Every structure is written in C-alpha cells, then in structure tokens.
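A.B. asks: Encoded as structure tokens, here's the structure I'll be asking about.
No lab work stands behind these numbers, since they all come straight from the coordinates. Small disclaimer: the values here were computed from a predicted structure and weren't measured. No Cβ is skipped: glycine too gets one built from the backbone with ideal geometry, and neighbour counts run over all protein chains shown.
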Amino acid sequence: MKVLIIGGGGREHAIAVSMKKSRRVEKIYCVPGNAGIAQIAECEPSIGVMEFDKIVAYAKKKAVDLVFVAPDDPLAAGLVDVLKAEGFRVFGPQKRAAILEGSKAFSKDLMKKYGIPTAAYETFDDPKKALEYLEHAKMPIVLKADGLALGKGVLICNTLEEARAGVREIMQDKQFGSAGDVLVVEEFLTGREVSVLAFVDGRTVRSMTSAQDHKRAHDGDEGPNTGGMGCFSPSPFYTEEVDAFCRKYIYQPTVDAMAAEGREFKGVIFFGLMLTAEGPKVLEYNARFGDPEAQVVLCRMKNDICDVVDACIDGTLDEIELEFEDNAAVCVVLASEGYPVSYQKGFEITGLENFEGKESYYCFHAGSKKDGAGHIVTNGGRVLGVTAVGSTLQEARANAYEATEWVFFANKYMRRDIGKAIDEAL
C-alpha cells in the first residue's frame, strides 16, 4: 500500500514509524511532514493541512491507497468527507462525527443526554451572562473555549477575579479566536487524570493501553497549559476495575450515543478521564490520537496498524484483538525555551544520529525542518519527543531522560519531572 499521512508533528511521526513497521506498507507520503518524518517518508512541506484542494490533488498524483488524517483542525473542517467524495479510502471521523472534539458544548450536551459521567457544566454565548453566573459559582472552576484551541483553550480559575479575567480572555479578547464564541463553564474535578485512546468502527470499541500526559509547561505542574510536555504509558492508576467501569459506562455508551445521533464515529476517540472519588468521569474527548500520547502508546502496540485501520474503516473491528507489549514507555518533550508563550526557532539540532539502531529508543520530531544548508533546525515550540521503552515505568523513565542528553539545540528546555506520579503509585 501507498499511505498518505496528513500532519506534521510528533504524533504523525509516531504514526509514520508504525506504518513503516507494517508488512503491507510499501511507501509513505506526508503532508506537510517534518525533518524527522522525511527520513522515512516523502514529505510535501509546501501544502498545509487545511489546503483541502491541494491535498486531494497530491493524493491523486501519488495514487495513494489510504489517507490517514491525524490532526484536529482538518478533521473538524471535513477533510475526511472531501477525500471520501473523491473516492479515497480514509482513516478518521467525518465532519459530523469530529464535532465530538470540535465543540465542547456539543460533547457536554451529548454526555448529559446519554448519562455518560462528566463534570456539571453550563454553556454561555453572552459574556455578561457568564459573568453573572460566576458571581455565585463555587471556586475553583474551569472555563473552556467551545471550539478547537490547540489544546490550550482551558483555564482553571481559583478565584472569582481569575474567572472574570478568563471570560474576558476567551469571549471578549478572543485569545483563542472564534473557538471562544461559546464558553463552557465546568465544575472543577479532583483526582488522577488518565488518557485512554480507542479505535472505533462506528459500533465496536477497542481501547488501547492507558497513558498520562503532562500539560503544564514547568515542573510541578506549574506554568501555562501546553500541547503536552511529556507522557507515560501505562498509567498505574488505571486499574482493571477502572477499565471495566469505563468500558461499560463511558466508551461503548459514547460510540452508541454518536450512532444514535446519526453521527457514526470511525477512527480514534481520545478519552480524557478524571478518576474522582465518585468514579471515572470524562474531562474531554478528542477525535484523533493525542500528542504525545500516540508516541508512548503506538510504540507498545503489537498489532499491524494497517490491519486495525482497515477494520475501523470496514466495520470489522470486532474481529480484531488489540495487543500491547507487557512493558512501559515514557516520552519527554524537548521544547524551545519560552514555549508556549514566545520562543525563538531556527537553531541547529545535533546528536540525532545517536538514536540510530537503538531498538528501545525513539526521537519523534514535532517541530523541525531542514534549512537551506541541509541542516535540521528547530521549527516550533515542541521540537522533539524523546521516547524510551523499559520493562517498568521507572526503567523507561530513566532511559528516556538518559536519551534527552544525546541531542542538543541552543534553547533546549524540558520538564525534569515527567512521570513523577509513578513514584507516588509505588
């Protein structure tokens, strides 16, 4: 098969590495790709993920057999629909189903209607009404921009003053653009946060191994929200008992609810969960692989990714048993100092060759490109996802941090406490 992957981050690099392992994949293309993906795929950096006409033309030119749409924006905007209409075989939810991530108000209303456990909430399209509601609300409280905001449109407000400022930031100053036209105000949940990705074929759900992301920029979960500074898998807090509850009351009911609404979901659903004292509750849905969750989950998956993708598209997922290695993986993100607020890019990355031929180590590129002189340079806030596998979480973490020293660029920054919760679980 010839496969085209849409996207250019660490998640897409992890997907490309999985595709390369497949016995069925002959050639991989990627739009726009990055310098790391370019080592195993033919990339077309001149085409953006939202340039649907150009993507269709490129897919036709390369005569691809499968298109894997990975990022949130093109999914929510209907790239899968456009490609399917042109006769392509596509992995990912259609626009009607991608609304599960594209609108937080939609997903909250869906959970309320179908009795899926989640935090209590209210939605507002008028900032004045939101402010009035907050005057009597219990703090801390969570404010969420309704639409897509690169994983950053969520504010946890500890005081009424912070909440007022948050309404201003999201709804009036439009910090997240039109994503903030509608505001979801949500009860603050406490507990352990866990992410579970699941393959879905419209009816059947096959959940993957659990993972735990670190969203804040600085150690100790301080600083602004980012797209993710590191991740580990599996989560020691995601027990068999929790898994059984989630399958019965969250995963299958979500897929059934979408089908009942005439929004059949095929692709990957990311379940962001909070393990509260009252039981697991849904924090958020994503309509695709998480980043950096994909990096730690896919490197542990035993199945040929193409077999699973085919089953999702064809509605035969019930015939697949997902299998994962009995090991662990940790990803530490090497970012540009100052991310996610302001940072410089264009610094040469050295030491990448240290990962060659090392079986349990991966260096997934998130923000990199080749400059005019052919050097690989930084090209984003999150630059590399250094990922390592180990027989235990502790071993995987030690390996990952060791490997972060193999690579260098001028303003390299990382959190030093990825997987700290592992120690607390012991």
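A.B. asks: Given the convex hull of the Cα atoms of region 181-253, what is a quarter of its surface area in nm²?
C.D. replies: It is 7.1 nm².
A.B. asks: In debye to the nearest 20, how big a dipole does the chain give about its Cα centre with +1 on each Lys and Arg Cβ and -1 on each Asp and Glu Cβ?
C.D. replies: Charge dipole, the chain, about its Cα centre: 840 debye, nearest 20.
A.B. asks: Oh, and also: Find the Cα radius of gyration of region 61-110, compare it with 2.2 N^0.38 Å by division, and give the number to two decimals.
C.D. replies: After normalising by residue count via 2.2 N^0.38 Å, the value is 1.25.
A.B. asks: Under a point spin-label approximation (7 Å from Cα along Cα-to-Cβ), what is the E241-K152 distance to one decimal in nm?
C.D. replies: 4.0 nm
A.B. asks: Right, here's the next one. Between S342 and D371, how high is the FRET efficiency from 1/(1 + (r/R0)^6) when r is the Cβ-Cβ distance and R₀ = 22 Å? Nearest 0.05.
C.D. replies: The computed FRET efficiency comes out at 0.55.
A.B. asks: R0 = 25 Å: FRET efficiency of D125 with A165, Cβ-based, nearest 0.05?
C.D. replies: Computed FRET efficiency for D125 and A165 comes out at 0.85.
A.B. asks: Sticking with this one: Amide H of L66: which non-local residues (sequence gap of 5 or more, or other chain) have their own amide H closer than 5 Å, using H built in the peptide plane?
C.D. replies: Placed amide hydrogens put K2, L4 under 5 Å from L66.
A.B. asks: Also: Through the Karplus equation 6.51 cos²θ - 1.76 cosθ + 1.60, θ set to phi - 60°, convert the phi angles of region 185-198 into ³J(HN,Hα) values in whole Hz; use x for Gly and Pro.
C.D. replies: 9, 10, 4, 7, 9, 10, x, 8, 9, 9, 10, 10, 8, 9
A.B. asks: Sticking with this structure for a sec: Tell me the label-point distance for the pair A63, S391, using the 7 Å Cα-to-Cβ offset, in nm and rounded to one decimal.
C.D. replies: If labels sit at A63 and S391, their model points lie 4.9 nm apart.
A.B. asks: Hey, got the dipole for region 208-265? About the Cα centre, +1 on K and R Cβ, -1 on D and E Cβ, debye to the nearest 20?
C.D. replies: 100 debye
A.B. asks: Based on a Kirkwood Rh over C-alpha pairs, give the Stokes-Einstein translational diffusion coefficient of the chain at 20 °C and viscosity 1.002 mPa s in µm²/s.
C.D. replies: 98 µm²/s
A.B. asks: Tell me which of I55, V194, A259 sits at the most positive position along the dipole axis of the chain, charges placed on C-beta atoms (Lys, Arg +1; Asp, Glu -1).
C.D. replies: With unit charges placed on the Cβ atoms, the residue in question is I55.
A.B. asks: Nearest 20 debye, what's the magnitude of the dipole of region 244-391 about its Cα centre given +1 on Lys and Arg Cβ and -1 on Asp and Glu Cβ?
C.D. replies: 620 debye
A.B. asks: Next question. Once R0 is set to 51 Å, what does the formula 1/(1 + (r/R0)^6) return for the Cβ-Cβ distance between K358 and D73, expressed as a FRET efficiency to the nearest 0.05?
C.D. replies: Efficiency at R0 = 51 Å is approximately 0.90.
A.B. asks: Got a sec? Charge dipole of region 118-261, +1 on Cβ for Lys and Arg, -1 for Asp and Glu; which of G166, G230, Y121 is way out at the positive end?
C.D. replies: After comparing all options, I get G230.
A.B. asks: Using label points projected 7 Å from each Cα along Cα→Cβ, tell me how many nm separate E132 and A277, to one decimal.
C.D. replies: Taking the simple label geometry, E132 and A277 are separated by 3.4 nm.
A.B. asks: With respect to the cross-link table entries K113/K420; K215/K248; K104/K420, which display a Cα-Cα separation exceeding 32 Å?
C.D. replies: Listed pairs above 32 Å: K113/K420.
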